[in-house]
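The values are calculated or read from the model by the stated rules, or taken from the named source; none is laboratory data. Computed from a prediction, not measured in an experiment: that's the story for all the values here. Positions of Cβ are generated from backbone atoms using ideal geometry, with glycine treated the same way; all protein chains shown enter the neighbour counts. Quick note on the areas: whole protein, heavy atoms, side chains included, nothing else; ligands and nucleic acids left out. Shrake-Rupley method; radii C 1.70, N 1.55, O 1.52, S 1.80 Å.
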Amino acid sequence: MGAVSSLVLSGPAAAANAPQPCLKLVFNRYCLGGDVNALAQQQPPALRQDQGERVALIYYEGRDRVYVLAWRGAIYKVLRDHRIASKLHYEDLYQILRSKYGEGEDRSSFPADAVTPGRKQIAIRRGEGRAVHVWDGGAGWHVELSWTRETGLALAYIADALDEQQAAAMESGY
């Protein structure tokens, strides 16, 4: 099996999954689509977690945490976990992203009775609702601003093709 794995990873599939040029420089530090090992050498993380072909680098930036997620050496997601999760902070980030990327798409979901901002915030805190807004970067990546009970307030930049490949690998058991 080891010989088969190395054969598979040394052929054309390895070239397809090798780190690509930078799709988007995120937070002025992290290269979406870039080489996770090169990043870890240049900017040692506070914590590194390896799980098979997946790597997570965790950086602390003030009160926030930045997660750099990679699959087969290529960075497919950079997520900033904002420690302060409030409607005001969400709205501030939303306005910045909207001015930079346009309208985007609202993918929020709330219970029918959560029509006011206060009710929506309560629904999020109870785990019954979620605020999510997505913008297409137009160059193989997109941005997601989300506020959920599980993840809190998070801003993620995601490489579309790499994210799809790693998700398909997860489903197939690789």
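Taking interchain pairs and intrachain pairs at least six residues apart, which have beta carbon atoms under 9 angstrom, with the first residue in segment 81-104 and under 19 Å from E150 (Cβ atoms) and the second open to solvent by 30 Å² or more (accessible area, probe 1.4 Å) and assigned to a loop (DSSP other than H, G, I, E, B)?
The qualifying pairs are D81/T151; H82/R63; R83/G62; R83/R63; I84/R63.
All but one of (1) open to solvent by 40 Å² or more (accessible area, probe 1.4 Å); (2) at pLDDT 95 or above hold for G73; state the number of the condition that does not hold.
(1)
For segment 133-161, name all the residues that are in contact (Cβ under 8 Å) with a residue 60 or more places away in the chain and closer than 20 Å to R65 by Cα.
Residues of segment 133-161 that are in contact (Cβ under 8 Å) with a residue 60 or more places away in the chain, as a first pass: 137, 139-141, 147, 151-159.
Hits for segment 133-161 are W147, T151, G152, L153, A154, L155, A156, Y157, I158, A159.
Provide a single number: the residues in segment 30-42 that are open to solvent by 40 Å² or more (accessible area, probe 1.4 Å) and free of Cβ contacts under 8 Å to residues at least 24 places away in the same chain. Before you say what the answer is, go through the steps one by one.
Just the residues of segment 30-42 that are open to solvent by 40 Å² or more (accessible area, probe 1.4 Å), to begin with: 35, 37, 41-42.
Narrowing further to those that are free of Cβ contacts under 8 Å to residues at least 24 places away in the same chain: 41-42.
Going through segment 30-42 one residue at a time, the tally reaches 2.
Just one of (1) surrounded by fewer than 18 Cβ atoms within 10 Å (Cβ to Cβ); (2) modelled with pLDDT of 95 or more trips up G140, so point out which.
Failed condition: (2).
Being aliphatic (A, V, I, L, M), part of a helix (DSSP H, G or I) and under 20 Å from the mean Cα position of the chain (by Cα) narrows it down to one residue among A154, A161; which is it? Spell out how you get there, then give the answer.
On the way: A154 fails: part of a helix (DSSP H, G or I).
Of A154, A161, the one residue that is aliphatic (A, V, I, L, M), part of a helix (DSSP H, G or I) and under 20 Å from the mean Cα position of the chain (by Cα) is A161.
Could you name every one of the strands (runs of 3 or more DSSP E) located completely within segment 22-137 that has at least 3 residues being in contact with a helix residue (DSSP H, G or I) (Cβ under 7 Å, 6 or more places away or on another chain)?
Once the strands (runs of 3 or more DSSP E) in segment 22-137 are filtered for at least 3 residues that are in contact with a helix residue (DSSP H, G or I) (Cβ under 7 Å, 6 or more places away or on another chain), what remains is 64-71, 74-82, 131-136.
Could you please let me know if L47 is open to solvent by less than 50 Å² (accessible area, probe 1.4 Å) and either at pLDDT 95 or above or among the small types (G, A, S) (or both)? Can you show your working first?
Numbers: open to solvent by less than 50 Å² (accessible area, probe 1.4 Å): no; either at pLDDT 95 or above or among the small types (G, A, S) (or both): yes.
It is false that L47 is open to solvent by less than 50 Å² (accessible area, probe 1.4 Å) and either at pLDDT 95 or above or among the small types (G, A, S) (or both).
Taking only segment 76-110 into account, find how many residues are out of contact with any Lys or Arg (no Cβ under 9 Å at 6 or more places or on another chain) and either among the aromatic types (F, W, Y) or open to solvent by 70 Å² or more (accessible area, probe 1.4 Å) (or both).
Residues in segment 76-110 being out of contact with any Lys or Arg (no Cβ under 9 Å at 6 or more places or on another chain) and either among the aromatic types (F, W, Y) or open to solvent by 70 Å² or more (accessible area, probe 1.4 Å) (or both): 14 in total.
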